[in-house]
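**Q** Got a structure for you, written out below as structure tokens; questions coming shortly.
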Amino acid sequence: TRKPIVAIDGPAGAGKSSVTKMVAQQLGLFYLDTGAMYRSITWLVMNSDVRLTDEPGIAELANQATIEVTETYVKVNDQDVTQAIRTPEVTANVSAIAAQGAVRQVLVRQQQEAAARGGVILEGRDIGTHVFPDAELKIFLTATPAERARRRQKDLERMGQPAEDLAALEQSIAERDAKDSNRLIAPLRKASDAVEVVTDGMTIEQVVAKLVAMYRSVA
Ligand code: C5P
């Protein structure tokens, strides 16, 4: 028997990463950022001769890649890509790569293996619907597009990335969500048994406290 699994899904910029990290810390769970895995493959493709549309070529890259996602750094084939996978260029291309079935097959298997023993909180788009449909707790974390654009702007600032216009950010977030929601394989969806948490007007601490309380009531 495995320990509990918590699935946190939702659109871009909903605050999933910061919230998930803090919930993991408070509950003593491992934390797995699955978006970092799709970003890592995207970075790898962009830094290779393989084209973004070459599905078999990308699948081969993904199959041979060693991705190490930890709470503090991300490495691909032993190279530190913690910052490199967060650039606007990678962000603009990641949805096209994540839509490819062969890539998802490789990464989903790695996610299932990494979390097989439970005691893990996973963050992504398809955790509750596909990766762990039997997760003990499923949260669909969201916020209005304007709120998410504001948060993303602050994130970029904090990471020392060049400033981006709020309207442009809202536009690119909306485009990414549309691509992630409209793809054929494992699209972004709230699982029917997920609890939707709309975080507009809530502080990170309030969201974390709510999720911790929800976990304690089921685990
Ligand atoms: O969460 P993050 O914004 O880092 O995710 C980057 C991209 O990776 C998403 O826009 C989506 O295309 C893809 N992704 C996915 N399935 C997941 C996690 C992320 O398709 N479980």
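**Q** For Asp200, what is the net charge nearby, where nearby means another residue's Cβ is under 12 Å from its Cβ and Lys, Arg count +1, Asp, Glu -1? If you can, show how the numbers build up before the last one.
**A** Details: positive: Arg148, Arg150, Arg151; negative: Glu147.
The answer is +2.
**Q** Rounded, prolate or oblate: which fits segment 82-121, taking a ≥ b ≥ c as square roots of the Cα gyration tensor eigenvalues, rounded meaning a/c under 1.5, else prolate when a/b beats b/c?
**A** Working: a/c = 3.64, a/b = 1.58, b/c = 2.31.
Oblate, because a/c is 1.5 or more while a/b does not exceed b/c.
**Q** Okay, next question. Net charge around Lys21, counting only other residues with Cβ within less than 12 Å of its Cβ (Lys, Arg = +1; Asp, Glu = -1)?
**A** Details: positive: Lys16; negative: Asp33, Glu71, Glu123.
After counting each charged neighbour, the total is -2.
**Q** Turning to a different aspect of this structure: Give me the percent of the accessible area of the chain that comes from carbon and sulfur atoms, probe 1.4 Å, all protein chains in place. Show your work: numbers first, answer last.
**A** Numbers: 5510 of 10840 Å².
C and S atoms contribute 51 percent here.
**Q** Counting only heavy atoms of the protein chains, get the accessible area per residue of the chain (1.4 Å probe) and round it to a whole Å² value.
**A** So the chain comes to 50 Å² accessible per residue, rounded to a whole number.
**Q** Give me the extension gain from Thr72 to Glu157: residue separation times 0.36 nm, minus the current Cα-Cα distance, reported in nm with one decimal.
**A** Details: separation 85, 0.36 × 85 = 30.60 nm, distance 1.85 nm.
Here the answer is 28.7 nm.
**Q** Same structure again: Are there trypsin sites (Lys or Arg not before Pro) in segment 110-150 that DSSP marks as loop and that have at most 13 other Cβ atoms within 10 Å, and which are they? Kindly include the intermediate steps, with their values, before the conclusion.
**A** Numbers: sites: Arg117, Arg125, Lys138, Arg148, Arg150; in loops: Arg117, Arg125.
Here the sparse-neighbourhood loop sites are Arg117.
**Q** Suppose accessible area is computed on protein heavy atoms with a 1.4 Å probe; arrange Thr42, Thr87, Thr144, Thr66 from highest to lowest. Let's see the in-between values first.
**A** Working: Thr42 0, Thr87 35, Thr144 65, Thr66 90 Å².
From most accessible down to least: Thr66, Thr144, Thr87, Thr42.
**Q** Got a sec? Which residues in segment 1-44 would a label at Ala65 touch, if it sits 7 Å along Cα→Cβ and we count backbone N under 12 Å?
**A** 35-44
**Q** Relative to the present Cα-Cα distance, how much length would full extension add between Ser217 and Phe30 at 0.36 nm per residue of separation?
**A** Numbers: separation 187, 0.36 × 187 = 67.32 nm, distance 1.91 nm.
The span from Ser217 to Phe30 would gain 65.4 nm if fully extended.
**Q** Next up: Taking a ≥ b ≥ c as the square roots of the eigenvalues of the Cα gyration tensor of segment 65-219, is the shape rounded (a/c under 1.5), prolate (a/b larger than b/c) or oblate? Don't skip to the answer; put the middle values down first.
**A** Details: a/c = 1.39, a/b = 1.08, b/c = 1.29.
Rounded, because the longest to shortest axis ratio a/c is under 1.5.
The values are calculated or read from the model by the stated rules, or taken from the named source; none is laboratory data. Only a predicted model underlies this, so the values are computations on that prediction, with no experimental measurement involved. Every residue, glycine as well, gets a Cβ built from its backbone with ideal geometry; the counts of neighbours run over all protein chains shown. Heavy atoms of the whole protein, side chains included, go into the accessibility calculation; ligands, DNA and RNA do not. Shrake-Rupley method; radii C 1.70, N 1.55, O 1.52, S 1.80 Å.
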